[in-house]
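Everything below concerns the one structure shown next.
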Protein chains: 4
Amino acid sequence: MELPAIVVNVKTYRQATGEAAVSLAHIMEEVRRETGASLVIAVQAADIYRVAQAVDIPVWAQHLDPVTYGSHTGWTLPESLVEAGACGVLLNHSEHQLRIADIAAALGRARKAGLETIVCADNIAVTRAVAALEPDLVAVEPPGLIGGEVSVTSAEPEIVVGAVSAVESISPRTAVLCGAGVKTGEDIRTALELGAAGVLLASGVVKAAHPKKVLLEMAEALIPQ
Amino acid sequence: MELPAIVVNVKTYRQATGEAAVSLAHIMEEVRRETGASLVIAVQAADIYRVAQAVDIPVWAQHLDPVTYGSHTGWTLPESLVEAGACGVLLNHSEHQLRIADIAAALGRARKAGLETIVCADNIAVTRAVAALEPDLVAVEPPGLIGGEVSVTSAEPEIVVGAVSAVESISPRTAVLCGAGVKTGEDIRTALELGAAGVLLASGVVKAAHPKKVLLEMAEALIPQ
Amino acid sequence: MELPAIVVNVKTYRQATGEAAVSLAHIMEEVRRETGASLVIAVQAADIYRVAQAVDIPVWAQHLDPVTYGSHTGWTLPESLVEAGACGVLLNHSEHQLRIADIAAALGRARKAGLETIVCADNIAVTRAVAALEPDLVAVEPPGLIGGEVSVTSAEPEIVVGAVSAVESISPRTAVLCGAGVKTGEDIRTALELGAAGVLLASGVVKAAHPKKVLLEMAEALIPQ
Amino acid sequence: MELPAIVVNVKTYRQATGEAAVSLAHIMEEVRRETGASLVIAVQAADIYRVAQAVDIPVWAQHLDPVTYGSHTGWTLPESLVEAGACGVLLNHSEHQLRIADIAAALGRARKAGLETIVCADNIAVTRAVAALEPDLVAVEPPGLIGGEVSVTSAEPEIVVGAVSAVESISPRTAVLCGAGVKTGEDIRTALELGAAGVLLASGVVKAAHPKKVLLEMAEALIPQ
């Protein structure tokens, strides 16, 4: 992933399921074209193929299971995501927490399949723990702020600074995103000032009345003039 | 689902992931055209869209989570499957067992989204329990025979008969499939004679040297001349 | 279990952990002695032995895992509960939901170890499903009412009647308890009138200012003069 | 825990359930008395009270859930273990793996309740991750060797050395145990030479024909003359 970046996790929002996911991805592609900012969309597994067929920005998966080719009915095979067009995968989102051994195994499987990885963490202790597994990125999101009105960058800047510092010491190759409540250009600027390599966000874009307007403002903050 | 039917669960087999899933679906569509047999393919979530775009036979999902539109990162929303082109969903496969409350909730969500349902069961006790939730179909598969050389219809015909009888008494609207080790036309004929409305199978087709030949033999056994 | 009965599930309440569990069990034993009512206490695994050593009323476990003697670190072996003095076990409480195959397996293991069984269900559909597994008792508890001020017997009497009727038709040997919000003698009387064989309750007794007074009132309602 | 130490995890073995757990603890207490070695027994939750009442060696739990006093039916409350007499708790054994957020929460709850902690890890990557949560001890056990004939100390000494070094750099306050296949005094000596502060073992003692003989040999190796 080109950094700094804005990663939009569309979760299972109605505004970004199926054809609506394609529409949002098109908007993000326009903003990318107009600003040059690095934008990534993480969609539901069933939507990866149609979105990846439709746009040129990176499409990510929201989860994978550490399974291999074989008898694993209903689980998410890393290679199926790659074949559908995914470039990367979120792991251990606070809405989808994983066992530590499964995160380690999932990272190994993702690397082998050629997927970049973001591992989510709720707090600094967990940030340290997942950093020790050396993913490409860690995203720290205080769960109490997810989906809320106040950005982590103003409510708990110390968690961003602490995460950046912890990851630097444990896995220097890993970049840090922050998230929860992020919805303005100002939030992006602050995130970068605090040492983050970008943000992971969801409702701030997906549920916005005018997603393009919000994305443009954020994208411009990401790419200083 | 048009009954009797052959449901092919491709699991996460390499032979039916991504473009290979499309190829297998094309073969099944040919066999459908040549024999008139009712054939269904259950593919990985990431493959539903491309397979459903490519063929006219029913495409099913292998799993869904009982979530709604909203904040459910990485879980499988029923509506995302429908938008991708799925007609139905397997639930509670022995490789992906669910909590009873989640099966009940998943059935409600599937119905609301417009998906048909097959709930899998390992034995007669569990068949009775899941039948009480009144899915469209129950598939009984003794786990010890899954992926093996001997068909449930010859190894444990009494489990098929017992499942048919149990479901008849608890949920008359629910049809019964059987599975595990099924791979010949003879297995299909026996399944129907034992009262099943078809079969759920996987490796017998997906890993066959000549899937079309195997499917043709089974399809012909399904549709008596 | 002698029916009708009042089953007190003490959960992990501070008022009934460790020595406090023994004290509550002593109170229940007194009420048993004074009224003749059938009272059962379901305690935490770590408290079974000391409670069972201290009182003569039946002591139950709140959960078990369907494991056998062997390599199952940290799981709850049925035989360990029996050796500690348990007579029975709750399964699938809404706070501890299980996979359907695990409920079936747990019932088999409990029977083999000599434990009676109550399987909990949130609604009538799940009541039907778990009744099909033929436990000794089913306890129906609408989760929205658990721990609340209004008893299921007045808020949703139809769920009690429906559960009794469903269980009667699917597993005549299984008795039905109801629970959620139960805290008065009147609630007990209504439960029995609706066809239940007793109640499963928790906070109504454990968190009462005067547990003995509450228990006496309920016990007297259970045993009509 | 007094280090170096031998921690015997009795799992759900028949040879150490209920009264048999008390008997094994008595043997360990004798060996402690005769050699001065630090010996710890980790028993099933239902056995903690009776074992802790019977012996003076430290009794540990095999698991806890990160719950608090309240409505958590059937889960293992840290305080219930302490009241029963436990001094510490194993977490994340390869037979009972936990989500990373739950390990972090469980460590917090254990500390608050006054329990020492051992977090288990299967490999060096997971050792690093759990060390970042700063438990009292980490136990590294390659799962392929658990319950087997060959000790980790001879089969994979590099994993012990690697774990010791990784923990030293990430959490200097955390000690390292090793385990899997450990059953002789020689295995103990090698473990200490490789930098471990002791061993975590199970079948090597519990299923031994003469547990006392095995324990004596190990204890003597632990306490050099």
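The values are calculated or read from the model by the stated rules, or taken from the named source; none is laboratory data. None of these values were measured; they are calculated from a predicted model. Ideal geometry is used to build each Cβ from the backbone, glycine not excepted, and the neighbour counts take in all protein chains shown. Each accessible area value is taken on the protein alone, full model and side chains, heavy atoms only, with ligands, DNA and RNA left out. Shrake-Rupley method; radii C 1.70, N 1.55, O 1.52, S 1.80 Å.
Table for the structure above
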item	result
Contacts under 7 angstrom Cβ, first residue in the range A:194-220 being charged (D, E, K, R), partner in a helix (DSSP H, G or I) and open to solvent by less than 60 Å² (accessible area, probe 1.4 Å), 6 or more apart	A:212/A:27; A:212/A:31; A:217/A:185; A:220/A:35; A:220/A:185
Lone unmet requirement of (1) more than 7 Å from chain D (Cβ to nearest Cβ); (2) without any contact (Cβ under 8 Å) to a residue 40 or more places away in the chain; (3) surrounded by fewer than 24 Cβ atoms within 10 Å (Cβ to Cβ); (4) in contact with a Leu (Cβ under 8 Å, 6 or more places away or on another chain) for residue C:69	(1)
Condition met for residue D:17 (in contact (Cβ under 8 Å) with a residue 40 or more places away in the chain and of a type in the set (Ser, Thr, Tyr))	no
Residues within the range A:128-141 that are open to solvent by 10 Å² or more (accessible area, probe 1.4 Å), free of Cβ contacts under 8 Å to residues at least 60 places away in the same chain and farther than 17 Å from residue D:166 by Cβ, tallied	1
Test: residue D:106 is surrounded by fewer than 20 Cβ atoms within 10 Å (Cβ to Cβ), of a type in the set (A, V, I, L, M, F, W, C) and in contact with an Asp or Glu (Cβ under 9 Å, 6 or more places away or on another chain)	no
Test: residue in the range B:26-47 that is modelled with pLDDT of 95 or more, open to solvent by 10 Å² or more (accessible area, probe 1.4 Å) and facing chain A (nearest Cβ under 7 Å)	yes
Residue that is most open to solvent (accessible area, probe 1.4 Å), among those in the range A:48-66 that are away from chain B (no Cβ under 14 Å) and without any contact (Cβ under 8 Å) to a residue 40 or more places away in the chain	A:56
Residue that is farthest from the other protein chains (Cβ to nearest Cβ) [pool: residues in the range D:91-103 that are open to solvent by 10 Å² or more (accessible area, probe 1.4 Å) and more than 12 Å from residue D:64 (Cα to Cα)]	D:94
Single unsatisfied condition, residue B:125 versus (1) more than 10 Å from chain C (Cβ to nearest Cβ); (2) open to solvent by 30 Å² or more (accessible area, probe 1.4 Å); (3) more than 18 Å from the chain's Cα centre (by Cα)	(1)
Residue in the range A:77-89 that is modelled with pLDDT under 95 and touching a helix residue (DSSP H, G or I) at 6+ places or on another chain (Cβ under 8 Å) present	no
Yes/no for residue B:163 being within 11 Å of another protein chain (Cβ to nearest Cβ), modelled with pLDDT of 95 or more, open to solvent by less than 10 Å² (accessible area, probe 1.4 Å) and at negative phi	no
Filter result (among the polar types (S, T, N, Q) and closer than 15 Å to residue A:171 by Cα) within the range A:117-146	A:117, A:127
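Residues are listed down the side, and each one gets a yes or a no for (1) at pLDDT 95 or above; (2) out of contact with any strand residue (DSSP E or B) (no Cβ under 9 Å at 6 or more places or on another chain); (3) farther than 22 Å from residue C:95 by Cα; (4) surrounded by fewer than 24 Cβ atoms within 10 Å (Cβ to Cβ):
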{"position": "C:149", "(1), (2), (3), (4)": "no, yes, no, yes"}
{"position": "C:155", "(1), (2), (3), (4)": "no, yes, no, yes"}
{"position": "C:158", "(1), (2), (3), (4)": "no, yes, yes, yes"}
{"position": "C:175", "(1), (2), (3), (4)": "yes, no, no, yes"}
